[in-house]
Amino acid sequence: MKTFFLAILVFLCVLSSWGQSKDEQHEKNPSFIGLSFEYGHILKHTHSLRKLDNSFPTGISLDYSKFLLQKEAFEFCNCFPKLGVEVSYFDFDNEEILGHGFLGIGYLEPYFRTDKKMNLFFRIGLGGAYLSNPFDDISNPTNDLYSTDLSFVLMVGLGINYRLNEKWNLRLMSKYNHTSNGGVNTPNRGLNFPTLGMGFTYSLSDWEFPDYKKIGKREPPKHKERISITHFSGWSNTSIGGKDKFFVSGFEGKYSRWIGGRSAISGGTEMIFDFSKRKLIQERGDGENFVQAAALIGHEFWLGKVTFSQQIGYYYWNEYRNSDRFYQRYTLTYDINQNLFAGFGLKAHRHIADFFDLRIGYKFL
């Protein structure tokens, strides 16, 4: 599900640049090579890992990327998107249990404040990983985070880029990395490791951001208020009785109001049907209801056809309580037309991911 929607985003960005000739693309889509060093922390979200010493992974990353600077690409998100590929090596600081990993990721990286020397950007990426020391009943029974050499990788990040001159850029970025084998084998808790990285990029040609009208001075959106309904579905990360994937679905109703720039505030409610909780209730023999309902409040970035939302949820109905009352919601959606949108989201309790979901919704403007 995550792969499908990210592929759509990348495809649309690439499609927006095809209207130009080859010469124009060469001139307007500068290429970059980059190097960065990363330091992070393994989140110990299983009981077995809590018994281990702290693990602080270190990594080195190489990447190749291209800016899409045509106006069509800019209008995709009211920003300048960059497409790239990154290869990384990570030492997970626990050779005996966690081993090390090689990651290959394709990413989409929108840039903002491009009229300044210091730019802001966020990154979303998807790829694969080779992990060296998977779970084994005899040789490595403690590692319940991954049980196959090959896994999928999902990554999100935020960063600051500083333009030293026409060629060199210095940048600082924080990332959240998650690995999973997609339920091919168990155990499959997944490696979750946030990192902080510093590095540089070098442009293979001289270039400048185009001076489109919306840069530095933004007009108010045509519709300053949005009321939306959304259906979402996905798979929880709970492990019960040897099974570690359970279906989750639900509905969300939300009101959003533009407050200036690219920002809006939002409030709403959602109802969640998590079938892992129904399984736990059945095993305990309780008569509790597994349905959850929560109030949501948060912030949204309105980036043209793309919306990035961050919300805090509070359960006002949750008979079976095995988690905090509060949780976080992160969603990324794309407007298919004026009313219909699609995307994906992440629900988490503090540093522990609850589930990813694919979503489709309708806006009443």
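The values are calculated or read from the model by the stated rules, or taken from the named source; none is laboratory data. This is a predicted model, so every value here is computed, not measured. All Cβ positions, glycine included, derive from the backbone under ideal geometry; neighbour counts span all protein chains shown.
Looking at segment 130-139, can you tell me whether even one residue there is surrounded by 17 or more Cβ atoms within 10 Å (Cβ to Cβ), modelled with pLDDT under 95 and touching a helix residue (DSSP H, G or I) at 6+ places or on another chain (Cβ under 7 Å)? Within segment 130-139 (the criterion being surrounded by 17 or more Cβ atoms within 10 Å (Cβ to Cβ), modelled with pLDDT under 95 and touching a helix residue (DSSP H, G or I) at 6+ places or on another chain (Cβ under 7 Å)), the answer is no, since none of the residues qualifies. Scanning segment 73-96 for residues that are surrounded by 19 or more Cβ atoms within 10 Å (Cβ to Cβ) and either under 30 Å from GLY304 (Cα atoms) or of a type in the set (A, V, I, L, M) (or both) gives ALA73, PHE74, PHE76, CYS77, ASN78, CYS79, PHE80, PRO81, LYS82, LEU83, GLY84, GLU86. Of the residues making up segment 154-189, those that are aromatic (Phe, Trp, Tyr) and surrounded by 15 or more Cβ atoms within 10 Å (Cβ to Cβ) number 1. Only one of the listed residues (LYS243, LYS305) is surrounded by fewer than 19 Cβ atoms within 10 Å (Cβ to Cβ), in contact with a helix residue (DSSP H, G or I) (Cβ under 7 Å, 6 or more places away or on another chain) and among the charged types (D, E, K, R). That residue is LYS305.
Here ASN192 fulfils each of the conditions (1) of a type in the set (S, T, N, Q); (2) surrounded by 14 or more Cβ atoms within 10 Å (Cβ to Cβ); (3) farther than 17 Å from GLU38 by Cβ apart from (3). If we scan segment 39-55, do we find a residue that is modelled with pLDDT of 95 or more, buried (at least 16 other Cβ atoms within 10 Å of the Cβ) and either part of a loop (DSSP other than H, G, I, E, B) or touching an Asp or Glu at 6+ places or on another chain (Cβ under 8 Å) (or both)? No: segment 39-55 contains no residue that is modelled with pLDDT of 95 or more, buried (at least 16 other Cβ atoms within 10 Å of the Cβ) and either part of a loop (DSSP other than H, G, I, E, B) or touching an Asp or Glu at 6+ places or on another chain (Cβ under 8 Å) (or both). Only a single item in (1) surrounded by 16 or more Cβ atoms within 10 Å (Cβ to Cβ); (2) within 18 Å of the chain's Cα centre (by Cα); (3) at pLDDT below 95 is not met by ARG350, and it is number (1). Return yes when ASN339 is surrounded by fewer than 19 Cβ atoms within 10 Å (Cβ to Cβ) and either at pLDDT below 90 or of a type in the set (A, V, I, L, M) (or both) and no when it is not. Taking the combined requirement at face value, the residue does not satisfy it. If I ask for residues that are within 16 Å of PHE122 (Cα to Cα) and among the small types (Gly, Ala, Ser), which ones from segment 287-310 would you list? Once the filter is applied, which keeps residues that are within 16 Å of PHE122 (Cα to Cα) and among the small types (Gly, Ala, Ser), segment 287-310 yields GLY304, SER309.
Scanning segment 158-215 for residues that are outside any loop (DSSP other than H, G, I, E, B), within 30 Å of PHE355 (Cβ to Cβ) and either small (Gly, Ala, Ser) or touching a helix residue (DSSP H, G or I) at 6+ places or on another chain (Cβ under 9 Å) (or both) yields GLY159, SER174, SER180, GLY197.
All conditions but one from (1) farther than 24 Å from PHE56 by Cα; (2) part of a loop (DSSP other than H, G, I, E, B) apply to TYR146; the one that does not is (1). For GLN20, the conditions (1) at pLDDT 95 or above; (2) surrounded by 14 or more Cβ atoms within 10 Å (Cβ to Cβ) are fulfilled apart from (1).
Residues of segment 120-154 that are farther than 18 Å from ASN188 by Cβ and either among the aromatic types (Phe, Trp, Tyr) or touching a Lys or Arg at 6+ places or on another chain (Cβ under 9 Å) (or both): LEU120, PHE121, PHE122, ARG123, GLY125. Among the candidates ARG329, ARG325, single out the residue that is farther than 30 Å from PRO221 by Cα and of a type outside the set (A, V, I, L, M, F, W, C). Among ARG329, ARG325, only ARG325 is farther than 30 Å from PRO221 by Cα and of a type outside the set (A, V, I, L, M, F, W, C).
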